[in-house]
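Working notes for the structure below.
Nothing in this text is a laboratory measurement; each read-out follows from the coordinates by a stated rule. Quantities reported herein were computed from a predicted structural model and do not represent experimental measurements. Cβ placement follows ideal geometry from the backbone for every residue including glycine, while neighbour counts extend to all protein chains displayed.
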Amino acid sequence: MTLRTHKVYGFIWIFLLPLMLPSGGLCGGREEVLANGWTLDLLIERYNQDEKAVLALDQEFPPSENWGGAVPYFGRLIGMIEKLGDRAALPFLEEKSLMTNAPGPLRACAARTYASLATGEECAALLPEILKIDDKNKRIISWRDRVTPIYLGKIEEAAAKGELQEKTLEHLTEAFVTYTQSAYYSLEATWIDDYLSKHCEGYQTSKQRLVLATALLEADKENEKKREVWLPIKESVEAIPPRKRIDLRKRFPDLPPLPDDTPARSPVKVAIAVAVGFVALAVCAVAAWLAVRRKKAHETT
């Protein structure tokens, strides 16, 4: 098929959407969805079947940013799942939230629906996984701009009520600090920075926070709005003597190295260096022993 045919497929998707949408999917609530014969199992089955068709098309042609115009259709299906309010949909929604070969808006739709049905504990478990998914174009607004705040809100609310386990909070804090070491989306980084400033002891004066602020400022030096937020943070940490800045790796050993760290020597190189050292010592000892022998032999002759 030609590129022209591929474009025609896209237009076909758009024109067929109203016919493909399940009745009862645009208005009403749970009762109307059920009254039209749709159950959670049927909606998931329909979604997965049509998703396979779109992915097959993407394999034949260059991937489409919006699945040939079908994103609104899949969004309607997710909307109907949300109206059913069945927590049994959580595994399905989690899968679609983390589906890296799906359009960003569709992942966002699934992630928001997940949050509407999930507990704060469940949101705290999923958000770190969502944060690991990068935008292809790092110069545009992230697909998570309407996702992360929702999750943080549910997490904060659950934490205030004492509904989160300590291990969950600790894992979440470590995940957030790890995120700051490679963050590129300034607005989202601001949300995470605010959370850590309130809930992570030592973060405000940490080396990791300085890395975050420095990287964001360096990435877009002409952005005045970004400078208004991050320059004061950078300067406040820089005002602290380097030895007094907190290194959160003491609390979280698995955090990535800092930019000014000296490269660590690999175990193999260390072993080779030790072996060379022993050989050098042995050579010196032998040379000294031979020198003593020669001296004694000279004295006896």
| When a footprinting reagent is the concern and you count Cβ atoms within 10 Å, what order do Asp193, Asp260, Asp86 take, fewest first? | Asp260, Asp86, Asp193
| field | Whole-angstrom gap from the stretch 76-139 to the stretch 168-231, using each part's C-alpha centre | value | 23 Å
| Cross-link pairs beyond the 32 Å C-alpha cut-off, checked among Lys52/Lys225; Lys136/Lys244; Lys136/Lys225 | Lys52/Lys225; Lys136/Lys244
| task | Net charge near Arg146: determine it from the other residues with C-beta under 12 Å of the C-beta of Arg146, scoring Lys and Arg +1 and Asp and Glu -1. | result | +1
